[in-house]
Amino acid sequence: DVQLQAFGGGLVQAGGSLRLSCAASGFTFGDYAIGWFRQAPGKEREGVSCISSSDGSTYYADSVKGRFTISSDNAKNTVYLQMNSLKPEDTAVYYCAAAPGTMGGLAVYEYDYWGQGTLVTVSS
């Protein structure tokens, strides 16, 4: 049974940093891409970043490029999202998700498995 759990969210002031973690279980980690998505109140879920578990290729939304860094520890079946220089517009529930085939991008429909998400609130 594929399970994903995101944690590490919290309250941070603008300009601060947080690191989110996504713990995965129930599948061969290297056969999937792992993505981070976020959803703010009243808005659609959007892709933030993703990483290929096979070759480590990474992708970022323009809104977070240069501020966020995705990384993985395949031995621990864990993916991280380091978020620096946070802005109030980064406030959202952040979700991690898994896409089979390791070719995932930033589109919601590419991902089959989802965690419940963790709330990040950035105050001004």
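The values are calculated or read from the model by the stated rules, or taken from the named source; none is laboratory data. What you are looking at is a predicted structure, and each value in this text was computed from that prediction instead of being measured. Note that each Cβ is placed from the backbone with ideal geometry, even for glycine, and that neighbours are counted across all protein chains shown. Heavy atoms of the whole protein, side chains included, go into the accessibility calculation; ligands, DNA and RNA do not. Shrake-Rupley method; radii C 1.70, N 1.55, O 1.52, S 1.80 Å.
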### Task
Please verify whether the range 86-98 includes one or more residues that are outside any loop (DSSP other than H, G, I, E, B), over 13 Å from the mean Cα position of the chain (by Cα) and surrounded by fewer than 19 Cβ atoms within 10 Å (Cβ to Cβ).
yes
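Could you please find all residues in the range 75-85 being of a type in the set (A, V, I, L, M, F, W, C), open to solvent by 40 Å² or more (accessible area, probe 1.4 Å) and closer than 16 Å to L119 by Cα?
We begin by selecting, within the range 75-85, every residue of a type in the set (A, V, I, L, M, F, W, C); these are 75, 79, 81, 83.
Then drop every residue that is not open to solvent by 40 Å² or more (accessible area, probe 1.4 Å), which leaves 75.
Answer for the range 75-85, where residues must be of a type in the set (A, V, I, L, M, F, W, C), open to solvent by 40 Å² or more (accessible area, probe 1.4 Å) and closer than 16 Å to L119 by Cα: there is none.
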Just one listed residue, out of V48, V64, V12, is touching a residue at least 12 places away in the same chain (Cβ under 8 Å), more than 19 Å from V2 (Cβ to Cβ) and surrounded by fewer than 19 Cβ atoms within 10 Å (Cβ to Cβ), and it is V12
Going through the range 15-37 in order, the residues found to be out of contact with any strand residue (DSSP E or B) (no Cβ under 6 Å at 6 or more places or on another chain), exposed (fewer than 14 other Cβ atoms within 10 Å of the Cβ) and at pLDDT below 95 are T28, G30, D31
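Would you be able to tell me the number of residues in the range 13-28 that are outside any loop (DSSP other than H, G, I, E, B) and more than 19 Å from S71 (Cβ to Cβ)? Walk me through it before giving the result.
Of the residues in the range 13-28, the ones outside any loop (DSSP other than H, G, I, E, B) are 13, 18-25.
Okay, now just the ones that are also more than 19 Å from S71 (Cβ to Cβ), so 13.
The number of residues fulfilling the criteria is 1.
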